[in-house]
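In what follows, a structure is listed as structure tokens, so that the remarks can point back to it.
FYI, it's all coordinate maths here, none of it is from the lab. No experiment lies behind these values; they were computed from the predicted model shown.
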Amino acid sequence: MAHIRLERTIWPVGHGAFYTEQFRGGHGNTFTVAYDCGGKDKATIEGQIGAATNGGSTPIDLLFISHFHSDHINGLPTLLANSLVKRIVLPQLAEEVVLEAIVYNFIKASHGGHQTPSADVIQLQEQLISWVQSDNKENITEVVESAEGDVEINHIEIGERNGEAGQVNSVLPKEIRSGKEIQITELRKVFWHYIPICYKDKQKCEDLLVALQKKYDITNDQEKLDWKKVKNVLLEEIPEEERKPREAKYKNIKGIKDIYDTNFPAKGKGEQSHNCYSMPVYSGPTVDEALDHIHSSYRYNECLFARVVDVLYRRYFDILAQHSAHCLYTGDFEANIQSNLDKLKQILGTLWAKVGLLQIPHHISDSNYNPDLYDHRMLSFGNVDDKGDESFSFSIYRKISYSHHCLAVAITEKDEPLEFGYYIVLI
Ligand SMILES: [Zn+2]
Ligand SMILES: [Zn+2]
């Protein structure tokens, strides 16, 4: 009989996303998984990374990245510099997808061209470019579209070889199929699994690339994207003495922003928008096959209504916590598009009904709302945007909490992380 302890933590990063799951196997060996690594600013995410990795000494065995917008990965340069990250699982690293992210991140970080982006954003852009340019993406696994009749399953053993460095690298291939399991085993018994789901629809990103190519010189002699030229176009400045009052410092930013906004309208209700490639990941126990018991507990100091209706609320929380082992991380998944959600449900099959903990997609933005997502689930979200303003929609919050019997908790805005503990007995 083997005992495994899992601690799942939702880190308080403000507007962003950073979640970890740490398994502690029977022999004291650990296996740590993270989903996204972004926060409202550099200091916040760095603090939480420090806490999550024990100052960098705990390696991350598996890091899932939902998509490349900076609020989800602005902590990545810090994490990679300070901790051993054994393998990164991310959506397809296509040129047009990286271009979209670089343009989006630059517009955001430069406040529409008025400010110089901070060094970490520039560092992040360099990281994305180096990944997409490199043929040898050593520790990267891309999630690609599944083929019909595909039965691929990937296994990772957490225990027996005392967590040798590089162990995960040798197990996960360079590409895995969307919707296929990554099974976690201890003593060769499967007890947990992850299911990443990627969306191949990159048409919007392709359209953006074509529109930018038409207006700016960003290609080489072979008419392929030239990242140096992309950077030059983004960073070209108007000399200060020639700048009109309140004019942006970057010469092309207005034109680029106009093209971006045309391709990705701010309220993309009902159509694919700029989060079209955000990759949800299911994480949960393989109860039926391998688990005898799951005991759950949680630790949380403060929550939205705790002070007002503490007793009632806590009881509700207790009940929901029992179902929270099955978790769905969504990043900025565009759940508002029914075909996206239908596909997600189809891939998860019977697991869909088991999901008890949901990261509300896109920071509870109303443009990504779909009532289908919220039945009897406990939820987590952040409610303040990157400028510190309340960004989430109260009408959506009310709909979720009252119409769907869900508990929506503003975890990411608090000082304390929310921790769930699961105690698994393998028989
Ligand atoms: Zn996003
Ligand atoms: Zn986001």
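Shape of the range 1-122 from the C-alpha gyration tensor: prolate (a/c of 1.5 or more and a/b above b/c, with a ≥ b ≥ c the square roots of its eigenvalues).
For the range 190-214 and the range 90-147, compute the distance between their C-alpha centroids and round to whole Å. If you average the Cα positions of each part, the centres end up 12 Å apart. More than 15 Å apart: what percent of Cα pairs in the range 117-158 qualify? Tail fraction, whole percent: 65. Cross-link pairs exceeding 25 Å in C-alpha to C-alpha distance, out of LYS180/LYS345; LYS40/LYS251; LYS224/LYS343; LYS215/LYS343; LYS108/LYS231; LYS40/LYS229, comprise LYS40/LYS251; LYS224/LYS343; LYS215/LYS343; LYS40/LYS229.
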